[in-house]
Amino acid sequence: MGFVANGNNTPSNITVSSGTFFPSIAMDDIRKYVRIDGSVTDDRLRQILREEVIDVNRLLKNLIGTADTLAGLATSLVDDQPDTEILYFSAVANGIAAKIYEKYRNYDATNSGNKRADEMTPSIDEYRRNKHWAIQQLLGKNHTVVDLI
């Protein structure tokens, strides 16, 4: 019998909801999408998921009241899902990925661990960028805003 620190997790069946406007998010879907292994416990992941839902909802608060639900703002269905719910999930999942990889890259203090942390920095930035792009799309804005000084 062996011990595997980052082995597979059993399904948690935990869902985080945030009112009637925004869709609920299943923690197991996040774990699969972001490829989070067993080194991140369900309790820790649930807390990060809650924080990220709060942040994304705050950034999208101007959409509340424009329809009954976020799905009501959809302009198309992709794989039988409203495009707005796909973008919402993407925003939350990419925000979680950035937080997880930023937090857990520090656990290996060896030279190889430090090198790996440096290599992960661009990925963390890409996750943050993808989060903000999804939010911009939901708000009906372009990905990049440039002002001339």
Exercise for review: With the full set of protein chains in place, find how many percent of the accessible area of region 33-72 is carbon and sulfur; take the probe as 1.4 Å.
Suggested key: 46
Review point. If one computes the Cα centroid of region 20-41 and of region 64-90, what distance in Å separates the two points?
Key: 18
Check your understanding: So how much accessible area does THR20 have, in Å² to the nearest 10, using a 1.4 Å probe?
Key -> 120
Practice item. Report the net charge of residues surrounding ILE14, where surrounding means a beta-carbon distance below 13 angstrom and charges are Lys +1, Arg +1, Asp -1, Glu -1. Key: 0
Exercise for review: Take the cross-link list LYS61/LYS131; LYS32/LYS103; LYS61/LYS103 and give me the ones stretching past 22 Å between alpha-carbons.
Suggested key: LYS61/LYS103
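The values are calculated or read from the model by the stated rules, or taken from the named source; none is laboratory data. No experiment lies behind these values; they were computed from the predicted model shown. With ideal geometry, Cβ positions are generated from the backbone for all residues, glycine too; neighbour counts draw on all protein chains shown. The protein model used for the area step is the full one, side chains on, heavy atoms only, and it has no ligands, DNA or RNA in it. Shrake-Rupley method; radii C 1.70, N 1.55, O 1.52, S 1.80 Å.
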